[in-house]
Amino acid sequence: MAYMDLREFIDGLESHGELIRVKKEVDWNLEAGAIVRRTHEEGLPAPYFEKIKGYPDGYGLVGGILGGSKVNGKWMPFRRIAIAMGMDPDSPTQEIIEEYIRRKNTPIKPIVVSTGPCKENIRLGKEVNLFEFPAPMIHDGDGGRFLATWHVVVTKDPDTEWVNWGMYRGMIQTRTKLAWLALPMQHGPAMYYQKYRDRGKSMPIAFALGTDIYSTFAACSYLPAGINESDVAGGLAGQPVPLVKCETSDLYVPANSEIVIEAEIRPGELIEEGPFGEFTGYRTSERAPRTFVRVNCITYRNNPILPMSCMGMPMDDSATTGSISISAELTELLRDQMRHPIRGVYNAPEGSNALLVVSTKVPHANFAHKIASAIWSAKAGIFAYWIMVVEDDVDPFDLNQVIHAMTFKCHPVRGIRQVEHYPGMPLDPFLSLYERHYGLGAAVLFDCTWPKDWAYTPIESSFHGIYPQELQQKVLANWKDYGYK
Ligand SMILES: Cc1cc2nc3c(=O)[nH]c(=O)nc-3n(C[C@H](O)[C@H](O)[C@H](O)COP(=O)(O)O)c2cc1C
């Protein structure tokens with residue numbers, strides 16, 4: 001079953017024990033953020049705040065709807081993603097990744113409808129007021145109230161039919177101005193905006209908040225250039241996403257969105273943005289002049305529900321969604337396109353998008369370097385600062401095995417390839433302030449495979465590695481007789 005609007009997904013999560021309705025009044029000023037943050041760190045159900053201080057009854061705020069969960073003390077980072085995809089919530093990670101790949105490769109184009117719930121209220125011109133919605137002050141020390149942290153940003157290439165959906169944070173500056181952060185390696189805001197700016201033209205832009213879950217997931221997925229995320233959203237849902245035209249531009253947005261902000265970016269205009277508690281788990285980027293949007297119109301559903309993400313330490317929704325989409329993209333690239341003998345690729349959510357494990361057979365010398373070079377050139381590898389290539393006897397989804405392989409198969413000097421000039425960004429905590437400012441990043445490969453020029457490789461001292469086959473079978477056959485279950 002597909003959840004074609006936010007309200008259906010809220011009900012779906014609740015029925016699986018993955019969401020609770022908070023009836024008690026909650027303050028948008030830090031209190032809601034602190035609650036969402038704690039649920040991420042404890043793996044607790046997502047909170048849906050039904051009463052927000054200072055806002056009309058019916059205006060809601062929901063946080064962390066694709067965040068990770070803990071079941072019986074064990075992390076299950078992808079339960080809510082599996083629920084969204086109509087899968088068994090306890091599906092193994094690799095199955096969720098393979099299902100994501102399958103659906104992504106069965107794209108379904110959206111349908112255009114003449115109107116939709118997001119048009120129930122229309123605010124134009126002087127009526128526009130971004131403070132009309134309970135935008136939270138999410139973390140202490142944030143530069144302002146962030147209205148857009150879990151949403152779809154729509155922009156269009158001025159030269160082709162490529163329409164980009166992405167997710168880039170938006171901070172309220174005034175009633176009609178939303179400052180935002182779009183990293184330079186992003187598609188719509190970077191590639192398209194440069195074209196509009198160089199031609200001296202305003203770039204139309206729309207923020208759709210509280211869409212169906214597939215549109216939002218597709219927007220924050222690490223898809224290659226040229227792909228319309230709307231088609232991928234349809235593929236993930238198994239049905240087309242209904243789109244409706246904006247009031248003040250030719251952009252189309254999901255018709256079932258809770259709130260739609262229609263705006264423009266004028267060439268070269270900048271305003272102060274940030275800081276913010278970020279996906280790396282730190283508040284890193286400084287307040288700085290960044291592009292901003294001028295809002296021309298807001299449309300919204302009756303009793304709008306604003307979704308929010310409270311990024312920081314894992315397992316929040318940026319760690320989990322990034323994990324599935326990056327793992328899927330790089331599995332496809334390395335295994336299906338480059339035809340390498342890959343067992344699995346895992347962007348571990350514990351590393352908040354930046355830690356990548358590749359398990360593979362090793363067909364020739366220095367193969368790990370080939371793998372790393374391919375990843376570092378891909379869109380899905382933009383945050384792959386740490387790559388570990390392990391042999392296919394190591395399960396990439398079992399970090400205990402990965403850490404052991406790194407500890408004893410990777411030579412502490414020769415097994416490591418450091419890349420000084422990897423593109424970085426203002427959010428990278430390990431860079432100096434100067435390096436953050438200019439995007440002077442770094443990356444590293446840990447080659448945890450045995451060198452090909454060794455005549456002898458160490459025998460693994462494990463049950464399966466060091467005992468004769470017949471003895472293993474005998475021990476397993478007699479296992480219960482020894483008194484074990
Ligand atoms: C909750 C969340 C917030 C995000 N915020 C930003 C942001 O503020 N700026 C940014 O450049 N990327 C942000 N991202 C990452 C992008 O959404 C992601 O890189 C996506 O692939 C960008 O799409 P694009 O490549 O089509 O531009 C965020 C992701 C998530 C899950």
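The values are calculated or read from the model by the stated rules, or taken from the named source; none is laboratory data. Bear in mind that the values here come from a model prediction, so they are computed numbers and not experimental data. Here the Cβ is made from the backbone with ideal geometry for all residues, glycine too, and neighbour counts use every protein chain on show.
Mind listing whichever residues of region 120-142 are small (Gly, Ala, Ser) and surrounded by fewer than 19 Cβ atoms within 10 Å (Cβ to Cβ)? If the condition is that a residue be small (Gly, Ala, Ser) and surrounded by fewer than 19 Cβ atoms within 10 Å (Cβ to Cβ), then 125, 141 are the ones that fit.
For residue 224, indicate whether it is over 20 Å from residue 307 (Cα atoms), within 12 Å of the ligand (Cβ to nearest atom) and surrounded by fewer than 24 Cβ atoms within 10 Å (Cβ to Cβ). Yes; evaluated as a whole, the condition is true for this residue. Pairs needed: first member in region 188-211, more than 17 Å from residue 118 (Cβ to Cβ); second member anywhere, of a type in the set (A, V, I, L, M, F, W, C) and loosely packed, with under 15 Cβ neighbours inside 10 Å; C-beta distance under 9 Å; at least 6 residues apart or different chains. Correct list of pairs: 191/225. Mind telling me which of the residues 273, 269, 229, 247 ends up being among the acidic types (Asp, Glu), in contact (Cβ under 8 Å) with a residue 60 or more places away in the chain and surrounded by fewer than 22 Cβ atoms within 10 Å (Cβ to Cβ)? One residue alone meets the criteria, 247. So residue 285 clears everything in (1) in contact with a Pro (Cβ under 6 Å, 6 or more places away or on another chain); (2) surrounded by fewer than 20 Cβ atoms within 10 Å (Cβ to Cβ); (3) not aliphatic (A, V, I, L, M) except one condition, right? Which one? All conditions are met except number (2).
Whether any residue in region 206-217 is within 10 Å of the ligand (Cβ to nearest atom) and among the aliphatic types (A, V, I, L, M) is what I want to check. No, region 206-217 has no match at all.
For region 407-433, the tally of residues that are among the hydrophobic types (A, V, I, L, M, F, W, C) and within 21 Å of residue 282 (Cα to Cα) stands at 5. Of all residues in region 52-61, none are under 18 Å from the mean Cα position of the chain (by Cα) and modelled with pLDDT of 95 or more. Residues in region 172-181 that are surrounded by 23 or more Cβ atoms within 10 Å (Cβ to Cβ) and either free of Cβ contacts under 8 Å to residues at least 12 places away in the same chain or within 10 Å of the ligand (Cβ to nearest atom) (or both): 180 alone. Counting only helices (runs of 4 or more DSSP H) that fall entirely inside region 317-415 and contain at least 3 residues that are within 16 Å of the ligand (Cβ to nearest atom), the qualifying elements are 317-331, 367-377.
Put simply, of 197, 169, 103 the only residue that is more than 16 Å from the ligand (Cβ to nearest atom) and within 24 Å of residue 437 (Cβ to Cβ) is 197. Answer with yes or no whether residue 258 is free of Cβ contacts under 8 Å to residues at least 40 places away in the same chain, away from the ligand (no atom under 15 Å from the Cβ) and of a type in the set (D, E, K, R). For residue 258, the condition - free of Cβ contacts under 8 Å to residues at least 40 places away in the same chain, away from the ligand (no atom under 15 Å from the Cβ) and of a type in the set (D, E, K, R) - is not met.
Residues that are more than 12 Å from the ligand (Cβ to nearest atom), among the hydroxyl-bearing types (Ser, Thr, Tyr) and in the same structural domain as residue 236 (by TED's automatic domain parsing): does region 148-155 have at least one? So far as region 148-155 goes, no, none of its residues is more than 12 Å from the ligand (Cβ to nearest atom), among the hydroxyl-bearing types (Ser, Thr, Tyr) and in the same structural domain as residue 236 (by TED's automatic domain parsing). Within region 274-287, restricting attention to residues that are more than 13 Å from the ligand (Cβ to nearest atom) and at negative phi, the residue that is modelled with the lowest pLDDT is 286. Is it true that some residue in region 23-44 is modelled with pLDDT of 95 or more, among the aromatic types (Phe, Trp, Tyr) and over 27 Å from residue 145 (Cβ atoms)? Within region 23-44, not a single residue is modelled with pLDDT of 95 or more, among the aromatic types (Phe, Trp, Tyr) and over 27 Å from residue 145 (Cβ atoms).
Note on region 412-428: residues that are loosely packed, with under 12 Cβ neighbours inside 10 Å and of a type outside the set (D, E, K, R) amount to 4.
Scan region 374-429 for residues that are of a type outside the set (D, E, K, R) and touching a residue at least 60 places away in the same chain (Cβ under 8 Å) and the total you get is 14.
Filter region 411-421 for residues that are of a type outside the set (Val, Ile, Thr) and either modelled with pLDDT under 95 or in contact with an Asp or Glu (Cβ under 9 Å, 6 or more places away or on another chain) (or both); which is farthest from residue 377 (Cα to Cα)? The extreme case among them is 411.
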